[in-house]
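Asks: Dropping a structure here in structure tokens format, bear with me for questions.
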Amino acid sequence: MPKTDILMTGAYPEWDMVDLEAKYRVHRLWEAVDRPGFLANVGGRIRAIATRGELGASAELMRSLPNLEIVSCYGVGTDAIDLAHARTHGIRVTNTPDVLTEDVADIALGLLLATARHIPQADAFVRSGQWGKTPMPLVTRVAGKRLGLVGMGRIGRGIARRAAAFGCEISYFARNAQPQLAYAFVPDLIALAHWSEFLVVIVPGGEATKNIIDAGVLKALGSDGILVNVSRGTTVDEEALIAALQDRTIKAAGLDVFLNEPKIDPRFLTLDNVVLQPHHGSGTVETRKAMGQLVRDNLAAHFAGKSLPTPVV
Ligand code: 8YV
């Protein structure tokens with residue numbers, strides 16, 4: 001039987017590529033020099049897209065694939081996939097929830113610790129031979145502080161569990177209160193920012209959450225406050241954040257996500273009060289293996305006519 005044709009928007013780790021190539025005829029969109037020509041040539045044969053969270057699948061891309069049946073996303077966030085288009089055209093969409101929850105929650109706490117405790121600066125201090133010559137500046141405690149979470153989904157709850165183990169007091173802003181949780185629900189984001197010493201953002205990206213962390217929220221967080229963003233760059237007004245970091249409206253930020261990844265705003269690189277991560281919250285071998293497996297399981301289930309393990313649409 002001839003192999004099914006699938007389109008990949010970007011590379012996966014080698015172990016996934018080997019497996020996908022064994023089962024499917026894989027077309028590599030990211031390697032195409034003439035993208036429209038490439039799509040005009042192979043588009044009619046493509047039955048599935050395997051994409052990544054940040055690459056998604058636009059309506060325009062889906063329109064160029066008239067026989068597309070499914071978009072399988074390597075990532076939990078589907079904000080870069082045009083779900084409305086998929087729905088109206090009967091295209092299934094899957095993602096990779098749960099398997100990455102613990103890693104993203106870990107990196108949120110890691111960024112908070114790195115930012116508050118100046119771990120990158122301390123590393124540079126030792127390497128540059130300053131230890132013993134001048135005192136390492138004192139830093140900010142994490143344990144026992146007031147931590148506000150913006151978003152209380154699976155990853156948010158993972159962050160809350162970790163922060164609780166640090167003795168932090170936790171409150172959250174979300175679309176809905178979750179009365180089963182032991183944390184205080186604060187329906188007003190500005191009020192939450194006022195209360196918080198640390199504000200951690202973990203809401204889905206997309207229009208509904210665009211720039212919810214704006215100049216007003218940053219001002220409310222205040223000059224002793226630390227912002228951590230492990231959601232999407234779109235959730236934070238980046239101009240406002242850079243200004244707030246430059247003029248110390250807030251103390252510092254730990255950021256895993258940005259607008260225009262990977263070509264982030266160069267002003268971030270000039271700031272001494274940010275810790276930067278290359279959108280790598282889920283980037284462990286263990287989790288990335290599980291994500292790749294889930295992408296393949298969804299594709300295999302679809303082509304076998306079985307129910308999808310993790311459907312979105
Ligand atoms: C991945 C992500 O870094 O899950 C998501 O939504 O953004 C991340 O886990 C990404 O999808 C891998 O390319």
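The values are calculated or read from the model by the stated rules, or taken from the named source; none is laboratory data. Being a predicted model, the structure only gives us computed values, none of them experimental. Every residue, glycine as well, gets a Cβ built from its backbone with ideal geometry; the counts of neighbours run over all protein chains shown. Please note that ligands, DNA and RNA were not included when accessible areas were found on the heavy atoms of the full protein model with its side chains. Shrake-Rupley method; radii C 1.70, N 1.55, O 1.52, S 1.80 Å.
Asks: I need the full set of residues from region 102-133 which are farther than 22 Å from V275 by Cβ and not in a loop (DSSP other than H, G, I, E, B), in order please.
Replies: None - no residue of region 102-133 is farther than 22 Å from V275 by Cβ and not in a loop (DSSP other than H, G, I, E, B), so the list stays empty.
Asks: If we scan region 185-194, do we find a residue that is in a loop (DSSP other than H, G, I, E, B), acidic (D, E) and without any contact (Cβ under 8 Å) to a residue 60 or more places away in the chain?
Replies: Yes, region 185-194 contains at least one residue that is in a loop (DSSP other than H, G, I, E, B), acidic (D, E) and without any contact (Cβ under 8 Å) to a residue 60 or more places away in the chain.
Asks: In addition: Can you find even one residue in region 220-234 that is closer than 24 Å to T78 by Cα, within 15 Å of the ligand (Cβ to nearest atom) and touching a Leu at 6+ places or on another chain (Cβ under 6 Å)?
Replies: Yes: region 220-234 contains one or more residues that are closer than 24 Å to T78 by Cα, within 15 Å of the ligand (Cβ to nearest atom) and touching a Leu at 6+ places or on another chain (Cβ under 6 Å).
Asks: Continuing with the same structure: Restricted to region 1-25, and to residues that are aliphatic (A, V, I, L, M) and surrounded by fewer than 19 Cβ atoms within 10 Å (Cβ to Cβ), which residue is nearest to the ligand (Cβ to nearest atom)?
Replies: A11
Asks: Could you check N67 against (1) open to solvent by less than 20 Å² (accessible area, probe 1.4 Å); (2) free of Cβ contacts under 8 Å to residues at least 24 places away in the same chain; (3) of a type outside the set (D, E) and say which number it fails?
Replies: (1)
Asks: Just one of the numbered conditions (1) closer than 17 Å to A116 by Cα; (2) in contact with a strand residue (DSSP E or B) (Cβ under 8 Å, 6 or more places away or on another chain); (3) among the polar types (S, T, N, Q) is not true of S171; which one?
Replies: Unmet condition: (1).
Asks: For region 178-230, which residues satisfy the criterion of being of a type in the set (V, I, T) and either farther than 27 Å from H280 by Cα or not assigned by TED's automatic domain parsing to the domain that holds A253 (or both)?
Replies: V186, I190 - these are the residues of region 178-230 that are of a type in the set (V, I, T) and either farther than 27 Å from H280 by Cα or not assigned by TED's automatic domain parsing to the domain that holds A253 (or both).
Asks: I need the full set of residues from region 41-93 which are within 19 Å of P311 (Cβ to Cβ), β-branched (V, I, T) and away from the ligand (no atom under 14 Å from the Cβ), in order please.
Replies: I70, T88, I91
Asks: Here's another thing I want to ask about it. What is the residue count in region 113-148 for residues that are in contact with a strand residue (DSSP E or B) (Cβ under 6 Å, 6 or more places away or on another chain) and open to solvent by 70 Å² or more (accessible area, probe 1.4 Å)?
Replies: The qualifying residues number 1.
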